[in-house]
Amino acid sequence: VDLDTARGAPAPGVNQADPRPGMVELGPGYLDPALLPAALMRRWVGAALGRWGAQTLCYGADSGPMPLRAALADTAARMDAMPCPADQVLTTAGTSAALDRLAVLLAADGRAVLTEAVSYDLGREIFVERGVRTVAVPGPHDDVDVAELRRAAVRAARDTGRPPALYLIPTFHNPTGRVLDATRRREVAALAEQLGLLVIEDQAYAQLHYDTPPPPGLRGYGADPERVVSLYSFAKCLGPGVRLGWLVAGPVLAGRLSADAARRSGGGPNHFAAMAVAAALLEGGFDRHLRWLRGRLRMRRDALLDALAGELPGGYQACPPAGGYFLWLRLPPGLPGESLVRAAERAGVAVAPGRRFGGDGAAVRLCFAACAPERLRLGARRLLDAVRTVYP
Ligand SMILES: Cc1ncc(COP(=O)(O)O)c(C=O)c1O
């Protein structure tokens, strides 16, 4: 069976959401199943079993299997342009699980979390659900306002008696696609150092650049290693069903994160998947897949942008991303994204309302990772029809 092409109708009840027939789905932040490496994964599972045998089926090392952590430490060192010891790398069951574990620690410590005004809504929800106080810091949709951050951090420290954490998506932001430049990263790292913040850097899309790689992660700007924890995920490049991610933290926090009763009892999360991914990294198949995927995503971004180019009325502003999954479409001031979402649904294209992510709500998020280029062109035509029916 060719797993990459053998695809009938999806079996119901297997996945979180199924595409609706006839609808162009630009709403959810998913990767098109046609871009998921099902056949490669079968090879990597076989390679892991061939190389490590029954060790793939034993409880995994609490911090994650060393062959994978060593390869990931090399990746982090390359991306952040600074050394990364493997004992500062931990595997996770994805970024959501890592955020949840951090939320438990922050709640126990009585620390608040600052977030960007516009941010990944479900990430923020994880903190809220664990009883962590979150504070959305005002700022432009395409940058962070460091002076506002400082004010909010000082206020939160005064209110709680502890320096807060900062949840930040510096690279190919969800939902805006924005990349923080090196200057801003340096300023945020300096602020963290000065005020004792913990920056929770969500790098879920950081490896998905289309052309030049993004600037180094926050770790690369000289702050004390305990001031930054960087979260990565295989969800966005191999598939969310793999349920595997990894993080880089300073030695103290890494020790605290791995000294978890659930890890002592069950070992590192998703050990079997971790061993298959280790095989992928060691045999070079992962890098080849990543290069291929970046090219596919670039083509999809271009298909959507080209279909919208010159067709959007005044006041609309598409923010072209240099990586990741999302195009952020700013609407004329005062026009709520929900109006366009409803009109778009009627026209047969789903988009996500900007307000879900915070900010002024005059925006929608378009995910171009889930559809083939011809579907994106159809979705863009339907969206433009919808745009003509709504007025500020
Ligand atoms: C910014 C961001 N962080 C984390 C996640 C979730 O990652 P994971 O699937 O690894 O839990 C997503 C998925 O949409 C995301 O966009």
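Restricting to segment 125-160, and then to whatever is of a type outside the set (A, V, I, L, M) and touching a residue at least 60 places away in the same chain (Cβ under 8 Å), can you tell me which residue is farthest from Asp181 (Cα to Cα)? Can you show your working first?
Keep residues of segment 125-160 that are of a type outside the set (A, V, I, L, M), which gives 125, 127, 129-131, 133-134, 138-143, 145, 148, 150-151, 155, 158-160.
Narrowing the set further to residues that are touching a residue at least 60 places away in the same chain (Cβ under 8 Å) leaves 141-142.
Working: His141: 14, Asp142: 11 Å.
So the residue we want is His141.
Any residue at all in segment 76-94 that's β-branched (Val, Ile, Thr), out of contact with any strand residue (DSSP E or B) (no Cβ under 9 Å at 6 or more places or on another chain) and crowded, with 18+ Cβ neighbours inside 10 Å? Before the answer, list the steps.
Step one: filter segment 76-94 for residues β-branched (Val, Ile, Thr), giving 89, 91-92.
Checking which are out of contact with any strand residue (DSSP E or B) (no Cβ under 9 Å at 6 or more places or on another chain) leaves us with none.
No.
Take the conditions buried (at least 23 other Cβ atoms within 10 Å of the Cβ), more than 30 Å from Arg43 (Cα to Cα), of a type in the set (D, E, K, R) and touching a Phe, Trp or Tyr at 6+ places or on another chain (Cβ under 6 Å) and apply them to Arg219. Does it pass?
For Arg219, the condition - buried (at least 23 other Cβ atoms within 10 Å of the Cβ), more than 30 Å from Arg43 (Cα to Cα), of a type in the set (D, E, K, R) and touching a Phe, Trp or Tyr at 6+ places or on another chain (Cβ under 6 Å) - is not met.
When the residues of segment 202-224 are narrowed to those that are over 10 Å from the mean Cα position of the chain (by Cα) and among the acidic types (Asp, Glu), which ends up farthest from the ligand (Cβ to nearest atom)?
That would be Asp224.
Take residues that are within 14 Å of the ligand (Cβ to nearest atom) and not small (Gly, Ala, Ser) and tell me which of the helices (runs of 4 or more DSSP H) falling wholly in segment 69-182 contain 2 or more.
95-109, 121-129
Touching a residue at least 40 places away in the same chain (Cβ under 8 Å), under 30 Å from Met275 (Cβ atoms) and among the hydroxyl-bearing types (Ser, Thr, Tyr) - does that describe any residue in segment 203-213?
Yes, some residue in segment 203-213 is touching a residue at least 40 places away in the same chain (Cβ under 8 Å), under 30 Å from Met275 (Cβ atoms) and among the hydroxyl-bearing types (Ser, Thr, Tyr).
Looking only at segment 231-250, decide whether some residue is more than 14 Å from the ligand (Cβ to nearest atom), surrounded by fewer than 23 Cβ atoms within 10 Å (Cβ to Cβ), in contact (Cβ under 8 Å) with a residue 24 or more places away in the chain and not in a strand (DSSP E or B).
yes
A short reminder: the numbers here are calculations on the coordinates, not readings from a lab. The structure presented is a predicted model; accordingly, all values stated were derived computationally and were not measured. Counting neighbours? That spans all protein chains shown, and the Cβs are built from the backbone with ideal geometry, glycine included.
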